[in-house]
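This report concerns only the one structure given below.
The values are calculated or read from the model by the stated rules, or taken from the named source; none is laboratory data. As the structure is a computational prediction, the values presented were derived from the model and not from experiment. Neighbour counts run over all protein chains shown; Cβ positions are idealised from the backbone, glycine included.
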Amino acid sequence: MSLTHPRYKVAVVQAAPVFLDLDATIDKTIALIREAAASGAALIAFPETFIPGYPWHVWLDSPAWSIGRGFTSRYFDNSLAYDSPEADRLRKAVREAGITAVLGLSERFEGSLYIAQWILGPDGETIATRRKLRVTHVERTVYGEGDGSDLAVHDVPGLGRVGALCCWEHIQPLTKYAMYAQNEQVHVGAWPSFSLYEPFAHALSAEVNTAASRVYAVEGGCFVLAPCAIVSETMLDELCDTPNKRELLRAGGAAARIFGPDGRELAAPLAPDEEGLLYAEIDLAAIPIAKASADPVGHYSRPDVTRLLFNPTRARRVEYVRPAEPEPVESASFSFPLSGEV
């Protein structure tokens, strides 16, 4: 009996959030989910921290400025908690649309924030949640970090083995290898935007980071869906209180892409400031053809020379030490005095 390889339509988001407005950005997220489902997509992928937008303020000035301008508290308050009415709205929308969604969000958990991706199945139930393993540079002034359990690939009925990473996790060789080793077939590589520090920080450019997505597809022998957000003029008005800040962050900057396991681009890109959905039909039968030439965790590996040490255990911030149960007392070992005896 021959294998059956899933074939289906995917949608990749290129859009601006309603910056620092949780409810309005969820409205926009739901509208995009419905649009993708109406177009026949079985899977939709969202940019990094699309809800409630990427914290560009931390790249533009000091932490004290962010606090004084109110960005720090507003960003916390408009981030999304898993057990919340807002999250329930998203789960309901995914269920009604009958589509699998890979969301990108700033996740609020108790007193901390995390760069997170949630995979919701077409029944609205959670397939997986993950947090960015190591946040980048000044992101560390905003977010906590994930652990080895966040480098995971999941069997999704009808879609194959699906995984996700954010932004510069795609230039971490060992992180990528941990994903490849789990037979990833469809990868969501989420990005925020590529319009920061132009033109003097080429490593942050669309050219470099789009190349990282393409290389991931070829290295991993998998499909890569690379959603990317737009920086809107409205966001610049909110973020840039001086002319020099407008030189640091520009409008547009989006470069959403879809790549096949041979590195081929599968959808025509949109303009950097154009909102919309990229669509492609993907056929997982292309994966064994690509891996026949190079499987980095199979026949094209040399584990006798180089191997990855990978700890997938969920980190425990607190270990609770409980007192040991008292040992049972044997009555024969005691002799109680009778009344009146000393």
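Within the range 183-200, does at least one residue satisfy the condition of being loosely packed, with under 15 Cβ neighbours inside 10 Å and among the charged types (D, E, K, R)?
No.
Check 280, 255 and return the single one that is in contact with a Leu (Cβ under 9 Å, 6 or more places away or on another chain), of a type in the set (Gly, Ala, Ser), assigned to a strand (DSSP E or B) and within 18 Å of residue 13 (Cβ to Cβ).
When all the criteria are applied, what remains is 280.
Every residue in the range 10-33 that is in contact (Cβ under 8 Å) with a residue 24 or more places away in the chain and surrounded by fewer than 16 Cβ atoms within 10 Å (Cβ to Cβ), please.
If the condition is that a residue be in contact (Cβ under 8 Å) with a residue 24 or more places away in the chain and surrounded by fewer than 16 Cβ atoms within 10 Å (Cβ to Cβ), then 23 is the only one that fits.
Scan 93, 101, 152 and give me the residue that is in contact with a helix residue (DSSP H, G or I) (Cβ under 8 Å, 6 or more places away or on another chain), small (Gly, Ala, Ser), in contact (Cβ under 8 Å) with a residue 24 or more places away in the chain and under 25 Å from residue 218 (Cα atoms).
Of the residues listed, the single one that is in contact with a helix residue (DSSP H, G or I) (Cβ under 8 Å, 6 or more places away or on another chain), small (Gly, Ala, Ser), in contact (Cβ under 8 Å) with a residue 24 or more places away in the chain and under 25 Å from residue 218 (Cα atoms) is 101.
Just to check your reading of the model, which residue among 257, 250 is touching a residue at least 40 places away in the same chain (Cβ under 8 Å), charged (D, E, K, R) and in contact with a strand residue (DSSP E or B) (Cβ under 6 Å, 6 or more places away or on another chain)?
257
May I ask you to list the residues in the range 155-174 that are surrounded by fewer than 19 Cβ atoms within 10 Å (Cβ to Cβ) and either touching a residue at least 60 places away in the same chain (Cβ under 8 Å) or closer than 24 Å to residue 307 by Cβ (or both)?
158, 161, 171, 172, 173, 174, listed by residue number.
Quick one: count up the residues across the range 37-81 that are of a type in the set (A, V, I, L, M, F, W, C), in a helix (DSSP H, G or I) and within 22 Å of residue 191 (Cβ to Cβ).
Count: 4.
State which residue pairs qualify: first residue closer than 30 Å to residue 153 by Cβ and part of a helix (DSSP H, G or I) and inside the range 215-241, second residue of a type in the set (Val, Ile, Thr) and at pLDDT below 95 in any location, beta carbons under 9 Å apart, and separation of 6 or more residues or different chains.
Note: no pairs meet the criteria.
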